[in-house]
1. Quick one: T129 ticks every box in (1) among the polar types (S, T, N, Q); (2) in contact (Cβ under 8 Å) with a residue 40 or more places away in the chain; (3) over 30 Å from Y88 (Cβ atoms) except a single one, so which number is it?
2. I need a count of the residues in segment 188-212 that are surrounded by fewer than 19 Cβ atoms within 10 Å (Cβ to Cβ) and not aliphatic (A, V, I, L, M).
3. If we keep just the residues of segment 111-128 that are within 26 Å of L185 (Cβ to Cβ) and assigned to a helix (DSSP H, G or I), which is most open to solvent (accessible area, probe 1.4 Å)?
4. Tell me the residue from P202, P188, P169 that is more than 28 Å from L268 (Cα to Cα) and not charged (D, E, K, R), please.
5. Could you give every pair whose Cβ atoms fall below 7 Å, whose first residue belongs to segment 160-183 and is closer than 30 Å to D113 by Cβ and among the hydrophobic types (A, V, I, L, M, F, W, C), and whose second residue is assigned to a loop (DSSP other than H, G, I, E, B) and modelled with pLDDT of 90 or more, counting only separations of at least 6 or pairs across chains?
6. Taking the conditions exactly as written (more than 12 Å from the chain's Cα centre (by Cα) and at pLDDT 95 or above), does L74 satisfy them or not?
7. Filter segment 147-157 for residues that are surrounded by fewer than 18 Cβ atoms within 10 Å (Cβ to Cβ) and of a type in the set (A, V, I, L, M) and give the result.
8. May I ask you to list pairs of residues, at least six apart or on different chains, whose Cβ atoms are under 6 Å apart, with the first in segment 196-224 being of a type in the set (V, I, T) and part of a loop (DSSP other than H, G, I, E, B) and the second being open to solvent by 20 Å² or more (accessible area, probe 1.4 Å) and modelled with pLDDT under 95?
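The values are calculated or read from the model by the stated rules, or taken from the named source; none is laboratory data. All figures in this text were calculated on a predicted structure; none of them were measured in a lab. Cβ atoms come from the backbone with ideal geometry, glycine included; neighbour counts cover every protein chain shown. The area values use the complete protein model at the heavy-atom level, side chains included, leaving out ligands, DNA and RNA. Shrake-Rupley method; radii C 1.70, N 1.55, O 1.52, S 1.80 Å.
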Amino acid sequence: MKRQWIAIPLVAAAIGALGVPGLAKDTPVSSQWAAGPMKIDGLDLDWQGATFLTDPSSKAQYAVKNDGRNLYVLFLFNDDRSASTIDYTGLTVFFNTEGKKSKDLGVHFLKKDVTADALIASLEKSGETLTDEKKAELRKQQLYQMFEADVINAKKIPAPSDPAVKTDPPAYRSARKQRARSWELRIPLSRINQAGGIGAEPGKTIKLGFEWGGMTSEAMKDMMAGQISRGGAAHQGAELTDSIANPRDNAGTLSGGGDYRRDQRTMLHSFWTDLKLAAQ
């Protein structure tokens with residue numbers, strides 16, 4: 001996977017009032033043309049008047065726009081119950097230009113809270129040189145939110161390279177207000193210089209898949225902590241990685257064994273739609 005990530009200070013964000021959502025249909029969804037620059041900030045300022053659709057299972061609402069360079073998606077989760085899983089697992093968007101429900105190409109968007117030292121280590125590992133003054137400035141903030149965009153390329157299809165072409169990388173931001181959460185995504189239409197690109201032009205129809213939730217290491221750690229607390233045990237288990245530790249299932253249980261109770265946070269949500277990209 002090729003990882004794109006951005007870090008910002010951990011601060012509270014507000015979500016503006018969104019338009020009335022529409023109902024999802026079996027017919028292809030039509031993207032709306034983004035007339036001006038879209039600022040990826042997790043807010044709805046660029047989405048006034050947009051048509052929102054609803055996933056019947058999760059009740060999540062979403063709207064889609066595009067311009068000549070990027071696809072934009074705004075997800076809205078109206079309460080803790082519908083949003084709890086996405087906090088654990090992030091949101092994965094799969095895309096296919098041949099109308100297939102394929103998971104070969106996509107982007108996994110995930111938010112993490114990290115310390116200043118962890119952020120500095122990640123920056124240096126990625127090749128960025130930080131001065132002592134810059135490190136001191138970063139350490140003034142105790143926690144940061146890291147917004148990661150992990151490219152999914154199951155068949156390792158290389159992206160065409162052209163130094164003359166400027167392509168935006170995948171990116172996202174999230175925001176919250178009371179029980180509501182919003183996730184704003186950007187995915188490049190072109191694959192030139194971007195392995196996380198869709199490979200489609202405005203006016204074309206693509207297949208999109210959205211997935212979040214399921215059993216993850218974070219959910220397992222919280223469940224184990226809850227069991228330890230209830231049992232009064234003092235056990236320090238091995239730290240789990242951030243990857244998905246075991247197969248996920250819709251029952252919210254750990255496949256292959258384990259006595260974990262059903263938990264709303266581990267429910268797997270997934271749906272597909274055909275999307276007709278808007279043409280200018």
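1. With respect to (1) among the polar types (S, T, N, Q); (2) in contact (Cβ under 8 Å) with a residue 40 or more places away in the chain; (3) over 30 Å from Y88 (Cβ atoms), T129 is out only on (2).
2. Selection size over segment 188-212: 8.
3. K125
4. P202
5. Between residues of segment 160-183 that are closer than 30 Å to D113 by Cβ and among the hydrophobic types (A, V, I, L, M, F, W, C) and residues that are assigned to a loop (DSSP other than H, G, I, E, B) and modelled with pLDDT of 90 or more, the close pairs are A171/I40; A175/G42; A175/L43; W183/G42.
6. Details: more than 12 Å from the chain's Cα centre (by Cα): no; at pLDDT 95 or above: yes.
Judged against the criteria, L74 is not a match.
7. Those that are surrounded by fewer than 18 Cβ atoms within 10 Å (Cβ to Cβ) and of a type in the set (A, V, I, L, M): A154, I157.
8. Filtered contacts from segment 196-224: T216/Y88; T216/I244.
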